[in-house]
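Data first, discussion second: the structure below is written as structure tokens.
The values are calculated or read from the model by the stated rules, or taken from the named source; none is laboratory data. Quick caveat, the model's predicted, so the values are computed rather than measured. Here the Cβ positions follow ideal geometry from the backbone for every residue, glycine too, while neighbour counts run over all protein chains shown. Accessible surface areas use protein heavy atoms only, side chains included; no ligands, DNA or RNA. Shrake-Rupley method; radii C 1.70, N 1.55, O 1.52, S 1.80 Å.
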Amino acid sequence: MTKTLLRGRILTFHARPCDASDTDAFTYIEDGALLLSDGQIIASGPHADVAGQAPEAQVIDHRPHLLMAGFIDTHIHFPQVQVVASWGAKLLDWLSDYTFPAEAEYANAQHSRAMARVFCDLLTDHGTTTAVAFCSVHKSSAEALFSEAQSRNMRMIAGKTMMDRNASPAVHDTAQSSYNDSTALIAQWHGRNRLSYAITPRFAITSTPEQLEMARTLAAEHPSCFIQTHLSENHAEIVETKRLYPQARDYLDIYESHGLLGPRTLLGHALHLEHREVEALAATGSHPVFCPTSNLFLGSGLFDDAHLRAHGIDSGIATDIGGGTSYSMLQTLNEGYKVLQLQDQTLHALQAFDWITRGNAAVLGLSDKIGTLAPGTEADIVVLDARATPAMAVRMDRAERLDEELFVLQMMGDDRAIVQTYVAGAPQKTV
Ligand code: GUN
Ligand code: ZN
């Protein structure tokens, strides 16, 4: 088997760092190397040690750039690639005016396949190697995405959206058809190569109680699947949700009473939570997902990261394209930093980069496979250049420490800072 050796500065996390002095939480090697074989990292460490293990390896010298685990986006909408930057609306109008019409086009399998190629290219161009994606209501949209990810050997978690009311007929399924289509997709794709299925009721407004019962049945029949939905994003949404489910104690209780919470459940946004909801998230081990560019763009609210952490809740962080405005997890960290600043909270650069790699992998229960540069994990790797633009380069002339460099990437970086992205050991960018 051909081996590849990537040389450069390497950074990987073992735990969430308290601050820059918490050197136990990460490993940083100035002259480091990664040895790749058969899509996996087989050795990682100082260049002199790793190179000695495989003198025959093909060498790719990325010095002076920084090698990290590929980024993980834990909430993104595949059929919203043409919805990004749709003007002037808050959540419910934005959904009905822009999003549902765009998603209706994914009834066409050819359109779905073309957009799946664009979507996967955009992810890897921005350094993202794993995504957790909502597809449209149409089974063919999920087929297109799974098949595109499979052809690239890319780790992808996705599901057909279940939505049987309160949208437009072109994007409605029924409780029964959503069960049938999800079951067929799980049989075809879940656990195949690097693909996993996420049972995907869109949110309580667009699912009848009968459909949430079907989601419960799917989750019980397929306990290794993920579950993804939306929670408490916008005040008008919350009012409407409570009107539709008057017996629920609160928004989260709708999902809870349908057996949809647990460590494999991802809940986008989770902005306006009641105290009981926070306790229930903690008790069930469910994961809120912070989507800063979306929360600012749609004017939805400010994610209270410190409050959730204080309750021992592990949140993901994500782009939420197309409510979100950038595919870049670096730009996501930039806006995340500002959202937390507004609440007198902090997002240290080391914590930020841990979050989009190891942290998001841990939320998905996939730390043994992705999110670090540990030997035995999959070779999803990003190569970063903190001098990618003139403005970054002049700022970097005054950066002396690793955490300063990371903060420049966090605040100023985007796809231009991604020199290369490796998916299962294969370079994705033509350089
Ligand atoms: N809530 C229900 N559907 C959506 C969606 O597509 N995007 C966002 N941001 N929130 C939602
Ligand atoms: Zn979303």
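In this structure, the amide hydrogen of Phe26, modeled 1.01 Å from its nitrogen in the peptide plane, lies closer than 5 angstrom to those of His14, counting only residues at least 5 positions away or on a different chain. Computed from Cα atoms, the angle from the helix 109-125 axis to the main principal axis of the chain rounds to 40 degrees.
Could you give the size of the charge dipole of the chain about its Cα centre, using +1 on the Cβ of each K and R and -1 on the Cβ of each D and E, expressed in debye and rounded to the nearest 20? Before the final figure, lay out the partial values.
Values: 32 positive and 51 negative charges, 143 e Å.
It works out to roughly 680 debye.
Axis angle, to the nearest 10 degrees, between helix 275-284 and the longest C-alpha principal axis of the chain: 60 degrees. Which net charge results for the neighbourhood of Phe203, defined as the other residues with beta-carbon distances under 11 angstrom from its beta-carbon, given Lys and Arg at +1 and Asp and Glu at -1? Charge balance in the 11 Å sphere: -2.
Which FRET efficiency value, to the nearest 0.05, do you get for Glu400 and Gln82 by plugging their Cβ-Cβ distance into 1/(1 + (r/R0)^6) with R0 = 25 Å? E between Glu400 and Gln82, to the nearest 0.05, is 0.05.
Length available on full extension from Ala236 to Leu92: 0.36 nm per residue minus the Cα-Cα distance, which gives 51.1 nm.
For the peptides 147-155, 339-347, 265-273, the ranking by packing is 265-273, 147-155, 339-347, with the highest mean count of neighbouring Cβ atoms within 10 Å listed first. Each Lys and Arg adds +1 at its Cβ and each Asp and Glu adds -1 at its Cβ; summed about the Cα centre, segment 116-247 shows a dipole of about 220 debye. With R₀ set to 51 Å, the beta-carbon distance separating Arg63 from Asn108 gives a calculated FRET efficiency near 0.65. Shape class for segment 274-390, computed from the alpha carbon gyration tensor (a ≥ b ≥ c): oblate, with a/c not under 1.5 and a/b at or below b/c. For the chain, lysine pairs separated by 8 or more sequence positions, or belonging to different chains, with Cα-Cα distances below 22 Å total 5.
Taking 0.36 nm per residue of sequence separation and subtracting the Cα-Cα distance, how much length would be gained by fully extending the chain between Arg243 and Ala391, in nm to one decimal?
Numbers: separation 148, 0.36 × 148 = 53.28 nm, distance 5.02 nm.
Once the chain is fully extended between Arg243 and Ala391, it gains 48.3 nm.
Accessible area per residue for the chain is 36 Å², calculated with a 1.4 Å probe on protein heavy atoms, without ligands, DNA or RNA. The protection proxy used here, the mean number of other Cβ atoms lying within 10 Å of each residue, ranks peptides 276-284, 231-239 as follows, highest first: 231-239, 276-284. Give the angle, between 0 and 90 degrees and rounded to the nearest 10, that separates the Cα long axis of helix 329-341 from the longest principal axis of the Cα atoms of the chain. The angle comes out at about 70 degrees.
Multiplying the sequence separation of Ala15 and Gln150 by 0.36 nm and subtracting their Cα-Cα distance, what value in nm do you get? Mind dumping the intermediate values first?
Numbers: separation 135, 0.36 × 135 = 48.60 nm, distance 3.02 nm.
Stretched fully, the Ala15-Gln150 segment lengthens by 45.6 nm.
For the chain, modelled as a GNM whose springs connect Cα atoms under 10 angstrom apart, the maximal fluctuation among Pro390, Pro375, Pro64 occurs at Pro390.
Ranking request for peptides 53-63, 23-33: highest mean number of other beta-carbon atoms within 10 Å first, then the rest in descending order.
Details: 53-63: 14.1, 23-33: 16.8.
The densest-packed peptide leads the list: 23-33, 53-63.
The 3J(HN,Hα) values that the Karplus relation (6.51, -1.76, 1.60; θ = phi - 60°) gives for segment 205-221 are, in residue order, 4, 9, 10, 6, x, 4, 5, 5, 5, 5, 5, 4, 4, 4, 5, 5, 6 Hz. Gly and Pro appear as x. For the chain, the relative contact order works out to 20 percent when only alpha carbon pairs closer than 8 Å and six or more residues apart are counted.
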